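These notes are about the structure you will find just below.
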Amino acid sequence: MRSIDVHAHLTPQCFWQATEKGGDWHTLRREKDERGQEVAIVGGRRQILPPRAKWTPEERLADMDSLGVDVHVVSPYVGFYNDEISSMTRAWPKRFAGLGTLPMQDTRAAIDELERCMGQLGLKGVEINDHVNGRTLDEPEFRPFWKAADQLGALVFFHQGGETLVSPRTKRYHLPNTVGNLVDRAVTFATLVSGGVMDECPDLKIVLGHGGGYTCYGIGRMDHGWKVRSEARVNITQPPSAYLRRFYYDCIVYTESALRFLIDTVGADRVVFGTDWPYDMALDWPVSWILAMESLSQPEKEAILWRNLERLLSI
């Protein structure tokens with residue numbers, strides 16, 4: 001049985017090499033914190049880099065083998081760039097596919113880079129944040145981007161990049177990540193649906209990381225709001241739940257009961273395998289975790305581990 005991981009990050013080797021002696025790489029810097037951990041300084045933000053983030057592609061492949069993962073769909077952590085991922089996919093085409101990232105604050109530049117990713121670089125799509133400087137992606141200025149993604153057949157993988165909606169209220173207890181990521185993903189689903197983006201671009205391929213956050217748990221409330229509030233119906237004639245199967249959702253929900261609920265809500269053909277490699281929130285022994293689940297049938301396990309992504313990305 002194959003396994004294809006759509007949620008696997010890269011910190012480029014060129015970044016490590018350029019910052020080895022205190023230099024910067026396209027304004028990005030690196031330092032060590034008080035505990036001796038490597039930290040990247042990205043736009044003034046500090047991002048801890050776990051030891052595996054420094055590994056070469058060869059070391060990464062060895063780790064993939066130990067975890068039973070056949071293919072990494074490699075995506076850059078926000079702030080890094082695309083060319084090294086392209087070179088990895090060309091050097092190891094059976095083990096790596098790639099997602100790029102885009103300058104979403106400039107829609108024209110984002111479309112240009114998306115076209116370069118899909119054409120010159122041979123990537124499968126892009127990973128982007130849930131917001132652009134606080135603006136959700138249903139805003140009119142982003143419609144040309146969505147139409148380009150639709151026409152190019154690009155996969156768009158939503159993954160937080162720094163602060164979430166929880167961050168302004170509290171930065172304690174790692175809650176901007178453990179709760180905030182899930183809040184942001186639900187807002188992304190709700191705004192793309194309610195804003196009419198999914199109707200305007202019928203062939204979009206979108207993956208919502210971290211199981212789509214609170215989307216499925218809160219879909220009943222979204223539907224009720226659509227029924228009783230006219231402003232929720234401005235752009236759509238169907239309730240939000242009618243759009244659940246327009247999206248894909250990775251399996252990073254951490255418990256079997258949560259994954260079962262996700263499958264029962266959206267269908268096994270809409271759930272894809274992801275691990276969050278190499279960060280501390282990554283699933284432990286992820287392939288074994290899926291295979292050991294008693295509540296999942298063998299066809300459901302195969303769909304999640306590889307069949308859905310093989311079909312979606314043609315790999």
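Determine which single condition residue 22 fails, assuming it passes every other condition in (1) closer than 30 Å to residue 314 by Cα; (2) assigned to a loop (DSSP other than H, G, I, E, B).
(1)
Is it true that some residue in the range 117-136 is under 24 Å from residue 208 (Cα atoms), open to solvent by 10 Å² or more (accessible area, probe 1.4 Å) and part of a helix (DSSP H, G or I)?
Yes, the conditions are met somewhere in the range 117-136.
Does residue 92 qualify as being in contact with a Leu (Cβ under 9 Å, 6 or more places away or on another chain) and open to solvent by 60 Å² or more (accessible area, probe 1.4 Å)?
In short, yes.
All but one of (1) in a loop (DSSP other than H, G, I, E, B); (2) in contact (Cβ under 8 Å) with a residue 24 or more places away in the chain; (3) open to solvent by 50 Å² or more (accessible area, probe 1.4 Å) hold for residue 245, so report the exception by its number.
Only one criterion is unmet by residue 245, namely (1).
Need the failing condition index for residue 235 against (1) outside any loop (DSSP other than H, G, I, E, B); (2) surrounded by 14 or more Cβ atoms within 10 Å (Cβ to Cβ); (3) over 17 Å from the mean Cα position of the chain (by Cα), just the number.
(1)
Taking the range 280-315 as the search range and keeping residues that are farther than 17 Å from residue 261 by Cα and hydroxyl-bearing (Ser, Thr, Tyr), which one is nearest to the chain's Cα centre (by Cα)?
Once the filter is applied, the top-ranked residue is 314.
Looking at (1) of a type in the set (D, E, K, R); (2) farther than 21 Å from residue 313 by Cβ; (3) in contact with a strand residue (DSSP E or B) (Cβ under 6 Å, 6 or more places away or on another chain), which one does residue 256 not meet, given that it meets all the others?
Only one criterion in (1) of a type in the set (D, E, K, R); (2) farther than 21 Å from residue 313 by Cβ; (3) in contact with a strand residue (DSSP E or B) (Cβ under 6 Å, 6 or more places away or on another chain) is unmet by residue 256, namely (3).
Would you confirm whether or not the range 164-185 contains a residue that is touching a residue at least 24 places away in the same chain (Cβ under 8 Å) and in a loop (DSSP other than H, G, I, E, B)?
Yes.
Evaluate the range 260-282: report whether one residue or more is out of contact with any Gly (no Cβ under 6 Å at 6 or more places or on another chain), open to solvent by 30 Å² or more (accessible area, probe 1.4 Å) and of a type in the set (Gly, Ala, Ser). I'd like the intermediate steps shown before the answer.
Filtering the range 260-282 down to residues out of contact with any Gly (no Cβ under 6 Å at 6 or more places or on another chain) leaves 260-261, 263-282.
Filter once more, keeping what is open to solvent by 30 Å² or more (accessible area, probe 1.4 Å): 260-261, 264-265, 269-270, 280-281.
Cutting the leftovers down to of a type in the set (Gly, Ala, Ser) gives us none.
The answer is no; no qualifying residue exists.
Among the listed residues 29, 2, identify the single one that is outside any helix (DSSP H, G or I), surrounded by 12 or more Cβ atoms within 10 Å (Cβ to Cβ), in contact with a Phe, Trp or Tyr (Cβ under 6 Å, 6 or more places away or on another chain) and charged (D, E, K, R). Even if it seems obvious, please write down each step before you answer.
Numbers: 29 fails: in contact with a Phe, Trp or Tyr (Cβ under 6 Å, 6 or more places away or on another chain).
After applying the criteria, what remains is 2.
If you check 68, 44, 100, 23, which single one turns out to be in contact (Cβ under 8 Å) with a residue 60 or more places away in the chain and not charged (D, E, K, R)? Spell out the reasoning first.
Details: 44 fails: in contact (Cβ under 8 Å) with a residue 60 or more places away in the chain; 100 fails: in contact (Cβ under 8 Å) with a residue 60 or more places away in the chain; 23 fails: in contact (Cβ under 8 Å) with a residue 60 or more places away in the chain.
Just one listed residue meets the conditions, 68.
The values are calculated or read from the model by the stated rules, or taken from the named source; none is laboratory data. All values reported here derive from a predicted model rather than from experimental measurement. Don't worry about glycine lacking a Cβ; one is built from the backbone with ideal geometry, like all the others, and counts go over all protein chains shown. Heads up: the accessible areas ignore ligands, DNA and RNA and are worked out on the full protein's heavy atoms, side chains in. Shrake-Rupley method; radii C 1.70, N 1.55, O 1.52, S 1.80 Å.
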